[in-house]
Amino acid sequence: MQHQIIPGRLARVVRAKGASSRSSVLQSRTGGVTILEPADVLETLESARDASAVILDPWYNRGVGGVRHNYDEWLGTVVDRSFDVADHVYVWGFPQIVCRVLDKLPPKTELTAWITWYYKNCPSMIRGWRSAQYTCLHLSRDGARLYPENFMTEEQQERYREGKMRYIPGPPSVLEVPLNIGFVGRGEQTGHPAQKPLKTIEPLVKMSSKEGDLVIDPMCGSGTTGVVCNMLNRKAVLCDMSEEYTALARKRVLENAGQ
Ligand SMILES: C[S@@+](CC[C@H](N)C(=O)[O-])C[C@H]1O[C@@H](n2cnc3c(N)ncnc32)[C@H](O)[C@@H]1O
């Protein structure tokens, strides 16, 4: 698959401080990750083409990030536009909110998996049930290629290459990954209020792309997708509407490049 970002937009790649004419240096130091200037998600999607996957992790319309009165309509449009760019689209959200996306899926797309992120270490603020799950919808174009073989061990991969595997064992659709809080995931924590652990993004990238493919995260927050894509040798284009988070993502991706 060809990877392409429309050139006018590429010219606006965010550069490291004091590196106004060193975009090639920045590109190599960040591996294959490009971080665009702050922009709205729809603007980013308009300028992107031919990605394997788009990861959408918007504010949740509850709690941090505030409430948008036309949230369902807005998210539906964002999902629609994402399918102009990629065969796989992931949508994160609270189950009771994000489920409404399924009522208006674009034509010729389907729910490939309802993924649940299960965490046991959310501190209890209220009397009653303690939050322990979050949802990620994996949506795909009909017939889009999946890569469950990316989850196999080396031994399994060898047997697969030799044609000795009768079936490919896919990963579970429940991701048991603790929240990065307190002493948990200290090395990952950036201070972004809704940062996802690397282990929740990694399986999404693995299931929907191969090495060298492009993944787009147009609401990238702290840049988790960029770090994962560097680790897995995928290209990535990241953007966020917030200047503060764009700078945070750039710093984080630079620090993690090549690790
Ligand atoms: C849930 S956070 C993403 C967290 C990210 N996955 C991470 O691991 O750090 C949502 C992000 O979306 C950004 N955002 C919200 N609305 C946006 C919009 N209309 N266009 C672009 N970015 C947006 C926010 O600034 C915020 O950083």
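The values are calculated or read from the model by the stated rules, or taken from the named source; none is laboratory data. Everything numeric here is computed off the predicted structure, so don't read it as measured data. When we count neighbours, we look across all protein chains shown, and the Cβ atoms used for this are built from the backbone with ideal geometry, even at glycine. To get the accessible areas, we keep the full protein, side chains included, count just its heavy atoms, and leave off ligands, DNA and RNA. Shrake-Rupley method; radii C 1.70, N 1.55, O 1.52, S 1.80 Å.
What the table shows:
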| read-out | value |
| --- | --- |
| Selection from 60, 119, 94, by position along the positive dipole direction of the chain (Cβ) | 119 |
| Accessible area of residue 44 in the full protein assembly, 1.4 Å probe (Å², nearest 10) | 0 Å² |
| Per-residue [θ]222 nm for the chain (sum of -39500 (n - 2.57) over DSSP H runs n ≥ 4, rounded to 500) | -8000 deg cm²/dmol |
| Global form of the chain, assessed from the alpha-carbon gyration tensor, a/c cut-off 1.5 | rounded |
| Cα gyration tensor shape for the range 159-248, rounded if a/c is under 1.5, else prolate or oblate | oblate |
| Charge dipole (debye, nearest 20) of the chain; +1 at Cβ of Lys and Arg, -1 at Cβ of Asp and Glu | 520 debye |
| Average accessible area per residue (Å²) across the chain - probe 1.4 Å, nucleic acids and ligands excluded | 53 Å² |
| Linear extension gain, residue 126 paired with residue 114, 0.36 nm per residue minus alpha-carbon span | 1.6 nm |
| Heavy atoms of residue 155: accessible area, 1.4 Å probe, square angstrom to 10 | 130 Å² |
| The range 54-205: C-alpha gyration tensor shape, a/c 1.5 cut-off, then a/b vs b/c | oblate |
| Whole-percent carbon and sulfur share, accessible surface of the range 54-180, 1.4 Å | 51 percent |
| Eligible aspartates and glutamates near residue 199 by straight Cα distance, threshold 13 Å, same-chain separation 8 or greater | 176, 188 |
